[in-house]
Amino acid sequence: MNKTVWYSGIVVIVLAVISLVMGLAFIGQGLSKQTYIINAMKEEKVPLAALGVKGVDPTEIIDTAKEAEIAGNTVREHRHGIAASYKELLGTGKFDPANPKHLTYSQAINLENYLFLGVAGLGLVTVVLASGGFMIITALALGAIGFALLKIAKI
């Protein structure tokens with residue numbers, strides 16, 4: 001029995017187990033956060049049609065990254081209709097919460113940020129899920145190599 005090959009096989013199997021556990025943790029966390037973000041968007045019940053998005057079902061609420069991105073871009077267009085930038089909105093003055101134009105602009109920024117945070121969050125969830133899947137595939141490959149090394153060591 002070749003002890004170096006046997007020990008190498010054990011090390012590779014341990015790495016496979018670690019990779020499998022990490023992959024499962026990534027997928028579990030990814031699915032958990034995806035559910036959280038989607039449920040939070042559904043709770044707000046913001047319909048795409050209410051934002052002026054054309055060609056959508058009037059009852060369709062924003063609950064995907066694609067819909068949130070479309071809505072965020074639409075809100076940005078509307079906000080730029082008020083003023084091209086925050087500096088342009090204020091001119092040489094400062095923010096006045098009693099000014100309806102200032103208030104509408106700031107509310108649009110808040111809604112836009114909310115929507116784009118959903119896009120970013122769901123994008124990150126996709127990366128986490130893909131990483132977890134890759135870790136599981138790596139774990140399977142490492143496990144196969146580890147057991148092959150153990151079999152070779154017994155020859």
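Side notes on the structure shown:
- FRET efficiency, Thr59 to Asn99 (Cβ-Cβ, R0 30 Å, nearest 0.05): 0.30
- Residues in the range 1-40 reached by a label modelled at Phe134 [backbone nitrogen below 19 Å; 7 Å Cα→Cβ]: 15-31
- Crossing angle, helix 3-44 versus the chain [Cα axis fit, 0-90 degrees, rounded to tens]: 20
- Computed from Cα atoms, the angle from the helix 100-153 axis to the main principal axis of the chain rounds to 10 degrees.
- Within the range 87-120, chymotrypsin sites (Phe, Trp or Tyr not before Pro) in DSSP loop having at most 13 other beta-carbon neighbours inside 10 Å: Phe95
- When only alpha carbons are used to place a centre, the range 66-105 and the range 125-155 end up 51 Å from one another.
- Scattering profile of the range 3-153 at q = 0.16 Å⁻¹ [log10 I(q)/I(0), Debye over alpha-carbon scatterers]: -0.89
- Net charge of Cβ neighbours under 13 Å - reference Gly93; Lys, Arg +1; Asp, Glu -1: +1
- Ranked list, fewest to most other Cβ atoms within 10 Å of each Cβ, for Met41, Met1, Met22, Met135: Met1, Met22, Met135, Met41
- Relative to the longest principal axis of the Cα atoms of the chain, the long axis of helix 65-82 makes an angle of roughly 30 degrees.
- Under 16 Å from the Asn2 label point (7 Å along Cα→beta-carbon), backbone N, the range 116-155: 145-155
Just so you know, all these numbers are worked out from the coordinates, no wet-lab data involved. Keep in mind that what you see is a predicted model, and the values were worked out from it rather than measured. Neighbour counts are summed over all protein chains in view; Cβ atoms, including those assigned to glycine, are modelled from backbone coordinates with ideal geometry.
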